[in-house]
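Asker: One structure, as structure tokens, below. Some questions next.
The values are calculated or read from the model by the stated rules, or taken from the named source; none is laboratory data. None of these values were measured; they are calculated from a predicted model. Counting neighbours? That spans all protein chains shown, and the Cβs are built from the backbone with ideal geometry, glycine included. Just the protein is used for accessible areas: all its heavy atoms, side chains included, with ligands, DNA and RNA removed. Shrake-Rupley method; radii C 1.70, N 1.55, O 1.52, S 1.80 Å.
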Amino acid sequence: MILTGSEIVRLRKKGEITIEPFCESMVNPNSYNYRLGELLKLPNPSEDGFIDFTIPQEGFVMTPHTLYLGHTYEKLGSTTHSMSLIGRSSIGRLGLFLQVSANLGHTGSCHCWTLELVATRPIRIYPKMRIGQISYWENLGLSEPYTGGYSEYDFAQESKMEQKPS
């Protein structure tokens, strides 16, 4: 069952949900708007991997059909609920896809989340812009807190999967 905005606020005050920094005006009926962090990973044109880049205050224009890795400005998580990070419809209607494949946040994870960003046309992004939303979900059944994996990182993290030659 998805939590309402008022329940997100209540459980945050109780310490079961983490949203830091928190801004009451970013609470939605069933989610919380999160912002884009200041660091971005750009594809490295000369080799595999990415180059770290700080988004300037005047913004950065994304190249279409290119995967960028960003991160949430806020530290987000919960000790008692699972989470889903999705884009905002207003951003999607501009042609920016967010969390292309990995939108599930496991119970126990609490950090700044890596964001997968792909634009369909040139789009200017800014540090700390409202870019997505997180919803919190009640777990049914026995829930064991998630540890390890990417949850130990507070900035954009590249894939740890080793690619094997075909």
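Asker: Which number in (1) out of contact with any Cys (no Cβ under 6 Å at 6 or more places or on another chain); (2) of a type in the set (V, I, T); (3) more than 19 Å from P122 (Cβ to Cβ) marks the one condition that T18 misses?
Answerer: T18 satisfies all of (1) out of contact with any Cys (no Cβ under 6 Å at 6 or more places or on another chain); (2) of a type in the set (V, I, T); (3) more than 19 Å from P122 (Cβ to Cβ) except (1).
Asker: Give all pairs with beta carbons closer than 7 Å in which a residue from the range 3-25 that is without any contact (Cβ under 8 Å) to a residue 60 or more places away in the chain meets a residue that is of a type in the set (S, T, N, Q) and surrounded by 12 or more Cβ atoms within 10 Å (Cβ to Cβ); count only pairs at least 6 apart in sequence or on separate chains.
Answerer: Close Cβ pairs satisfying both conditions: T4/N30; G5/N28; G5/N30.
Asker: Here's a follow-up. Among the candidates L36, L3, L96, single out the residue that is more than 21 Å from K128 (Cα to Cα), open to solvent by less than 40 Å² (accessible area, probe 1.4 Å) and hydrophobic (A, V, I, L, M, F, W, C). Spell out how you get there, then give the answer.
Answerer: On the way: L36 fails: more than 21 Å from K128 (Cα to Cα); L96 fails: more than 21 Å from K128 (Cα to Cα).
It is L3.
Asker: Taking only the range 39-62 into account, find how many residues are farther than 30 Å from G108 by Cα, in contact with a Leu (Cβ under 9 Å, 6 or more places away or on another chain), at pLDDT 95 or above and surrounded by fewer than 18 Cβ atoms within 10 Å (Cβ to Cβ). Even if it seems obvious, please write down each step before you answer.
Answerer: Of all residues in the range 39-62, those farther than 30 Å from G108 by Cα come to 43-48, 56-62.
Still in the running and in contact with a Leu (Cβ under 9 Å, 6 or more places away or on another chain): 43, 60, 62.
With the extra rule that they be at pLDDT 95 or above, the set shrinks to 60, 62.
Next, from what is left, pick out any that are surrounded by fewer than 18 Cβ atoms within 10 Å (Cβ to Cβ): 60.
Total meeting the criteria: 1.
Asker: Among the candidates K164, K128, K160, which residue alone is modelled with pLDDT of 75 or more, part of a loop (DSSP other than H, G, I, E, B) and basic (K, R)? If you could, list the steps in order and put the result at the bottom.
Answerer: Numbers: K164 fails: modelled with pLDDT of 75 or more; K160 fails: modelled with pLDDT of 75 or more.
The unique qualifying residue is K128.
Asker: Count, please, the residues in the range 59-89 that happen to be of a type outside the set (F, W, Y), over 19 Å from W137 (Cβ atoms) and in contact with a Phe, Trp or Tyr (Cβ under 8 Å, 6 or more places away or on another chain). Before the answer, list the steps.
Answerer: The first filter runs over the range 59-89 and keeps only residues of a type outside the set (F, W, Y), leaving 59, 61-67, 69-72, 74-89.
Filter again for over 19 Å from W137 (Cβ atoms), leaving 59, 61-67, 69-71, 89.
Imposing the further condition that a residue be in contact with a Phe, Trp or Tyr (Cβ under 8 Å, 6 or more places away or on another chain) reduces the set to 59, 62, 69, 71.
Qualifying residue count for the region: 4.
Asker: Give the range 99-123 a look and list any residue that's touching an Asp or Glu at 6+ places or on another chain (Cβ under 6 Å) and open to solvent by 50 Å² or more (accessible area, probe 1.4 Å), or say none.
Answerer: Within the range 99-123, V100 is the sole residue that qualifies.
Asker: Please verify whether M129 is within 14 Å of the chain's Cα centre (by Cα), of a type in the set (A, V, I, L, M, F, W, C), open to solvent by 10 Å² or more (accessible area, probe 1.4 Å) and more than 19 Å from F50 (Cβ to Cβ), treating the condition exactly as stated. Before the answer, list the steps.
Answerer: Values: within 14 Å of the chain's Cα centre (by Cα): yes; of a type in the set (A, V, I, L, M, F, W, C): yes; open to solvent by 10 Å² or more (accessible area, probe 1.4 Å): yes; more than 19 Å from F50 (Cβ to Cβ): yes.
Judged against the criteria, M129 is a match.
Asker: Being touching a Ser or Thr at 6+ places or on another chain (Cβ under 6 Å) and more than 23 Å from L142 (Cα to Cα) is the requirement here; does S31 meet it?
Answerer: On the way: touching a Ser or Thr at 6+ places or on another chain (Cβ under 6 Å): yes; more than 23 Å from L142 (Cα to Cα): yes.
In short, yes.
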